Amino acid sequence: MIGVFDSGLGGLTALCELVKLLPGEDFVYFGDTGRVPYGSKSADTVIRYSTEIMRFLSGFGIDAALVACGTASSAALPTLRREFPIPVFGVIDAAAAAAAAATVTRRVGVIGTATTVRLGAFERGIKSLDPGISVTSVACPLFVHLVEDGFTDPDDPVTLAAAERYLSPLRGTGIDTLILGCTHYPIISSAIAKTLPGVRLISSSKAAAEKLAESYGTGTAHGARGTIRCFVSDTPEGFESAGQIFMGDIPLGHAEFVDISKY
Ligand code: DGL
């Protein structure tokens, strides 16, 4: 069983990829909907939240975990890897590697939450692979709210206006590759692509899911379709209907409430 978590719905973009890659695997997902967003919080708070969630997920006997959140991956991965005796994957390294491999101009953009951009983990990941690549990072704090609130239509004027506001400074920087460094962003990738035509988008969710599946792929797959259990820290209703949009034709089932502060 693999545990996956995020501040809310965004990590479902990684779960969806994982289910496609490991269809026989069992998953337990936690969305911290009672405390979203993480991207405006301090690293210490995000570490505390992430540790509570990992304690909760560990109760299911998970064999591996995916921190399906750019902010929690940036802030909490070293702590989680130290404290939990299972492989803990994040969304940084695989996306950094994919971007370093993809760029021809050797100029890469990174977009994420304010905390992700402040902590600079994607930039360090790219530079550790190729110090000559120049990285421009931009925080897009409204994007998480737009996704959580369902402004996800490719032609939504509010989302397109926000994308223009945040991303127009990236035009003219020479970037040919952009990391979606927040797992919510793949859901509005059409608006992002329209704003930056010709720039290759790297989904940190997809890259991380591929890396986890590659390292872990044989494990517990048992032939039949695996199960997905979902837990949230606020009311499950909105999560179930909105979450199904993220999962496409993969059934998400019922989410259950958990009081995560007890963990
Ligand atoms: N999906 C989270 C991330 O990847 C969103 C952070 C937030 O809650 O602000 O960073």
Exercise for review: Inspect the range 68-82 for any residue being away from the ligand (no atom under 11 Å from the Cβ) and either acidic (Asp, Glu) or in a strand (DSSP E or B) (or both) and give the result as yes or no.
Suggested key: no
Check your understanding: Is there a residue in the range 198-208 that is within 15 Å of residue 27 (Cα to Cα) and not hydroxyl-bearing (Ser, Thr, Tyr)?
Key -> no
Exercise for review: Go over the candidates 168, 204, 189 one by one and state the one that is closer than 16 Å to residue 69 by Cα, out of contact with any His (no Cβ under 8 Å at 6 or more places or on another chain) and among the small types (Gly, Ala, Ser).
Suggested key: 204
Study note, to complete from the structure: Note on the range 4-23: residues more than 16 Å from the ligand (Cβ to nearest atom) and closer than 20 Å to residue 240 by Cβ are 19
Check your understanding: Does residue 96 meet the test of being within 10 Å of the ligand (Cβ to nearest atom), within 27 Å of residue 170 (Cα to Cα) and in contact (Cβ under 8 Å) with a residue 12 or more places away in the chain?
Key -> no
**Study point:** Pairs where the first residue, in the range 24-40, is farther than 15 Å from residue 149 by Cα and more than 10 Å from the ligand (Cβ to nearest atom) and the second is of a type in the set (Ser, Thr, Tyr) and open to solvent by 10 Å² or more (accessible area, probe 1.4 Å), C-beta under 6 Å, 6+ apart
**Key:** 26/227
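The values are calculated or read from the model by the stated rules, or taken from the named source; none is laboratory data. If you're wondering where the values come from, they're calculated on a predicted model, not measured in any experiment. When we count neighbours, we look across all protein chains shown, and the Cβ atoms used for this are built from the backbone with ideal geometry, even at glycine. Note: accessible area is taken over every heavy atom of the protein model, side chains too, but ligands, DNA and RNA are not part of it. Shrake-Rupley method; radii C 1.70, N 1.55, O 1.52, S 1.80 Å.
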